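Read through the structure below, which is laid out as structure tokens, and then see the notes.
Quick note: the coordinates plus some simple rules give every number you see, no bench work behind them. Since we're looking at a predicted model, the values are computed, not measured. Virtual Cβ from ideal backbone geometry, glycine too; neighbours counted across all protein chains shown.
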Amino acid sequence: MKETHDDNNTAQNHSPHPGSQPDVKLSYRASRILAIKELLTAKHVISTTELETAINSLKSRNPTDGAKVIARAWKDPSFKQRLIANSEVAISELGYALDQHTRLIVVENTAAIHNVIVCTLCSCYPISLLGPPPDWYKSFGYRSRVVKDPRSVIKEFGLLLDTKIELRVHDSTADIRYLVLPMQPTGTSKFHESELAELVTRDSMIGVSNPTLPKHRRSSD
Amino acid sequence: MKDSYKPDYRINDRVRIKNVYPQGHHRTPWFIKGKIGHIAAIYGKFLNPEQRAYGLDGCPKQALYRIQFKQKNVWVNYLGETQDTLCVDLYERWIERV
């Protein structure tokens, strides 16, 4: 359960306790995963404890971690520079670390370029900063459509992109994970870092939406 | 960029992705095979997934590049804008100079 190419990790979703047999009928893929898990533990390739530790570590991250990184980048231009130049060093300043097998590249949205992330081969995702990917990110529909018709896909997420902007899709087919640095919403220059972090959604760090101000905060400056 | 190797390609070099279909695991999506783009980033060397998929050690490491393509050059009927691009991370053995 590292940030590697696993296209199916549903076994634990079906089983309320590690190692217990669920009552519900499992899908083919879910039973296959369960069988592989049992074989790996029976043959001492990996222990149940190691497995649980890995799953817990995976689940311990969520998009609020990524949001803190983005908010810091908005607030501190030198941090933003470091984040784009060497994300690993920058995020370590906030206490975050990457999975040892991967690298993280932060791509910045500007007035001229809007970035969107996908893994067409499976579901590679910056788990270290966002936690496990949403189901739609892993779906065949998103993965196959966002590379060839990205403007329609992001429109379905509610994002209508200006026709003059370059829409840049990143297919993370290898060891690099991508995180989008969205543009800071206008009217938020006086916000505290923690207030800014609340505006940063998971989807905006994937690039299928933009952070927006909640209605009651609009026209504040 | 910790690796102190000399990459075969430089930023902005025009390259074509090999249009081959070898048996076994590889991480080059079908839609990018045979397409022409340019080197957008040089990432250094990584363990070769075409070996690691079979429990091998992944050595020698493979140089990895981010290659950027004009969407219009990838999809015949691309519905978006002319300036839209697609970036795919690809290993050196899949790349040839144009």
The set of cysteines in the protein assembly as shown having no other cysteine's C-beta under 4.7 Å reads A:Cys122, B:Cys59, B:Cys87
Protection proxy ranking, peptides A:74-83, A:55-64, average beta carbon neighbours within 10 Å, highest first: A:74-83, A:55-64
How big is the dipole moment of segment A:62-211 about its Cα centre under a simple scheme where the beta carbon of each Lys and Arg is +1, that of each Asp and Glu is -1, and everything else is neutral? Debye, nearest 20, please. 280
May I ask for the distance between the Cα centers of segment A:135-149 and segment B:53-98, given as a whole number of Å? 18
Between A:Ser57 and A:Lys25, take the C-beta separation as r, use R0 = 30 Å, and let me know the FRET efficiency to the nearest 0.05. 0.50
What fraction of the Cα pairs in the protein assembly as shown, stated in percent, has a spacing above 34 angstrom? 27
Taking Rh as the Kirkwood radius computed over C-alpha pairs, what is the Stokes-Einstein D of segment B:14-97 at 25 °C in a medium of viscosity 0.890 mPa s, expressed in µm² per second? 181
Across peptide B:18-26, what mean number of C-beta atoms from other chains lies inside 10 Å of a residue's C-beta? 0
Taking R0 as 25 Å, what FRET efficiency do you get between B:Lys72 and A:Ile84 from their Cβ-Cβ distance, rounded to the nearest 0.05? 0.35
Express in nm, to one decimal, how much length is gained between A:Ala97 and A:Met183 on full extension, taking 0.36 nm for each residue of separation and deducting their alpha carbon distance. 28.6 nm
Test item: Cα-centred dipole of the protein assembly as shown, Lys/Arg +1 and Asp/Glu -1 on Cβ, debye: 720
Per the C-alpha gyration tensor (a ≥ b ≥ c, the square roots of its eigenvalues), segment A:62-211 is rounded if a/c is under 1.5, else prolate if a/b beats b/c, else oblate; here it's oblate
Spin-label pair B:Val98/A:Leu213, simplified geometry with 7 Å Cα→Cβ offset, distance in nm: 4.4
Once each part is reduced to its C-alpha centroid, what is the distance from segment A:165-190 to segment A:60-75 in angstrom? 13
